[in-house]
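Student: Sharing a structure with you now.
The values are calculated or read from the model by the stated rules, or taken from the named source; none is laboratory data. Worth saying up front: this structure is predicted, and the values here are computed from it rather than measured. Cβ placement follows ideal geometry from the backbone for every residue including glycine, while neighbour counts extend to all protein chains displayed.
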Number of protein chains: 2
Amino acid sequence: MRFISKAAVAAVFAVTIAGIASQAVAQQKPDEALKMRQGLFQAVKMNFGPIGAFAQGKGALPADAAAKAENVAALARMLPMAFAKGTEALPGSNTKPEAFASADFAKGFGMMEEAATKLAAAAKAGDEAGIKAAVGDVGKTCKGCHDNFRKE
Amino acid sequence: MRFISKAAVAAVFAVTIAGIASQAVAQQKPDEALKMRQGLFQAVKMNFGPIGAFAQGKGALPADAAAKAENVAALARMLPMAFAKGTEALPGSNTKPEAFASADFAKGFGMMEEAATKLAAAAKAGDEAGIKAAVGDVGKTCKGCHDNFRKE
């Protein structure tokens, strides 16, 4: 498959990039923020879940556990973009409005990234005890924010 | 804020991790896959859009352009998880069913990751011409898959 002919590069640039750029530079719409939140959290589940299952003795360690843990760290870096100011009041959102004004909320994602990065390092080293400890640390950051900022 | 007391670690492990693990190890549900796709593509737009706007002379280079480009590379690595087999037929999906059987589809995400990684390197180096060239390369991978695998 050719992804695109060389002759069409200028057209791609004008059409594809212009479309995506003009949409993204504008303020993120609340419904887009909600979609982004839900998708990123689903991605957290898909990446962290199998490693969590291993830590609980409920599955084998995924062969790509380090990559999955790095994905979780990347998701933690992106999640704050999905909770931007202006996206507080959303039908269907499970986030308490006070989260957006809380320094702890932003800090929680930083802690999640840090714990996931340690998880990736333990997975790379094949350190099973380290993986289990780091899974617990990631889980604590999940629970910390859920307890404080997720609606019942 | 304490994210959690030390005494509660065992409980967290048993509840939070068990919940997330049991859900993720099971086959991803089609509606979850769709949610993940939509959220990850929204994240692509939020991260790539502002750099694309710069490349088109429509905005300043984001101060965190390198981090944004790295996010795009991470999203390219995660997107195939959102198009897993078994999630072909979804109401609301814009993906042609033949995408799932195509080696080019998976390859496209690899090309997207590669282009985004080059974009991150150019942004780190402050190489504006390199950024613009890499934006075009990322855009080509967007357009390549959209042309071939996205429903009209």
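Student: Just name the residue that is farthest from the other protein chains (Cβ to nearest Cβ) out of those in the stretch A:125-152 that are surrounded by 14 or more Cβ atoms within 10 Å (Cβ to Cβ) and farther than 19 Å from A:Gly108 by Cα.
Tutor: A:Gly130
Student: Same structure again: Looking for whichever is at positive phi and touching a residue at least 12 places away in the same chain (Cβ under 8 Å) here; the options are A:Gly136, A:Gly92, A:Gly110. Which one fits?
Tutor: It is A:Gly92.
Student: Can you tell me how many residues within the stretch A:51-68 are crowded, with 20+ Cβ neighbours inside 10 Å and away from every other protein chain (no Cβ under 12 Å)?
Tutor: Looking only at that region, the number is 1.
Student: Which one of the conditions (1) at pLDDT 95 or above; (2) touching a Gly at 6+ places or on another chain (Cβ under 7 Å); (3) under 29 Å from B:Gly59 (Cα atoms) does A:Ala74 fail to meet, given that it meets all the rest?
Tutor: With (1) at pLDDT 95 or above; (2) touching a Gly at 6+ places or on another chain (Cβ under 7 Å); (3) under 29 Å from B:Gly59 (Cα atoms) applied to A:Ala74, the lone miss is (2).
Student: If you don't mind, there's one more thing I want to ask. For B:Ala84, are the conditions met, namely being at pLDDT below 95 and within 19 Å of A:Leu75 (Cβ to Cβ)? First the steps, then the outcome.
Tutor: On the way: at pLDDT below 95: yes; within 19 Å of A:Leu75 (Cβ to Cβ): yes.
Taking the combined requirement at face value, the residue satisfies it.
Student: Would you say A:Ala115 is over 18 Å from B:Ala74 (Cα atoms), under 19 Å from the mean Cα position of the chain (by Cα) and either hydroxyl-bearing (Ser, Thr, Tyr) or within 12 Å of chain B (Cβ to nearest Cβ) (or both)?
Tutor: no
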